[in-house]
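A.B. asks: Right, I'll just put the structure down here and ask away after.
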Amino acid sequence: MKKEYIIYYIATGLLSLLVLFSAGMYFFNHQEVAVMFTNFGYPIYIIYPYAVAKLLGVITIWFVANKTIKEWVYAGFFFAFILAFFAHVMIGDGEQMGALIAMILLVVSYIYSKKI
């Protein structure tokens, strides 16, 4: 059982760091992110709400005990990472590895959250 906890906390911690870094970029490098969102064809007015949603998702995964809400957060992150991966692939900027790593960490975190 100890192994499951270790794997869960490592995967969830790394996922949290990745998402927090991403949200930090949205807040502190707004102009660079706005250019990226424009290249994707996304409106730039969603940058700040998206960053807040990411922060709330991380807080929920770590601190909220309600399993239904956690399921929704995992699902939201799943769709966000899938869409990010394909957005990077479609514009051909070669930056899809971050989304792929986030997806792997998300799946591992989700599977091991069910085991513990």
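A.B. asks: Evaluate the charge dipole of the range 1-83 about its Cα centre and quote only its size in Debye, nearest 20, assuming +1 on the Cβ of each Lys and Arg and -1 on the Cβ of each Asp and Glu.
C.D. replies: 280
A.B. asks: Something else about it: Along the charge dipole of the chain, which of ALA84, ILE104, ILE61 sits closest to the positive end, that is, farthest toward it, with unit charges on the beta carbon of Lys, Arg, Asp and Glu (+1, +1, -1, -1)?
C.D. replies: It is ILE61, whose Cα lies furthest towards the positive end.
A.B. asks: Find the lysine pairs in the chain meeting two conditions, Cα atoms under 21 Å apart and a separation of 8 or more places or different chains, and report how many there are.
C.D. replies: The number of close lysine pairs in the chain is 10.
A.B. asks: Right, another one. Each label point is 7 Å from the Cα along the Cα-to-Cβ direction; what then is the distance between the points at VAL89 and ALA65, in nm?
C.D. replies: If labels sit at VAL89 and ALA65, their model points lie 4.1 nm apart.
A.B. asks: On to the next question. Please name which of PHE28, PRO49, THR12 has its Cα lying farthest along the dipole of the chain towards the positive end, using unit charges on Cβ (Lys, Arg +1; Asp, Glu -1) and the Cα centre as origin.
C.D. replies: THR12
A.B. asks: Sorted by average packing, counted as other Cβ atoms within 10 angstrom per residue and highest first, what order do 55-63, 98-106, 1-9 take?
C.D. replies: Ranked by mean Cβ neighbours within 10 Å, highest first: 98-106, 55-63, 1-9.
A.B. asks: Using alpha carbons only, what's the Rg to Rh ratio of the chain with Rh from Kirkwood?
C.D. replies: 0.99
A.B. asks: List the DSSP H helices in the chain whose Cα atoms stretch 18 Å or more along the helix axis and whose mean Kyte-Doolittle hydropathy is at least 0.5.
C.D. replies: Helix filter hits for the chain: 2-28, 47-63, 67-91, 97-115.
A.B. asks: Want the number for HIS30 to TYR9: 0.36 nm per residue separation, take away the alpha-carbon distance, what's left?
C.D. replies: 4.5 nm
A.B. asks: If you don't mind, another one. Would you mind telling me which residue in TYR45, TYR74, TYR26 has the biggest mean-square fluctuation in a Gaussian network model of the chain, where springs connect alpha carbons within a distance under 10 angstrom?
C.D. replies: Among TYR45, TYR74, TYR26, the largest mean-square fluctuation in the Gaussian network model of the chain belongs to TYR45.
A.B. asks: If you wrap the range 49-94's Cα atoms in a convex hull and average its projection over all directions, what's the area in nm²?
C.D. replies: Directional mean of the projected Cα hull area for the range 49-94 stands at 3.6 nm².
Just so you know, all these numbers are worked out from the coordinates, no wet-lab data involved. Note that the structure is predicted; figures quoted are calculated from it, not measured. Cβ: placed from backbone, ideal geometry, glycine included. Neighbour counts: every protein chain shown.
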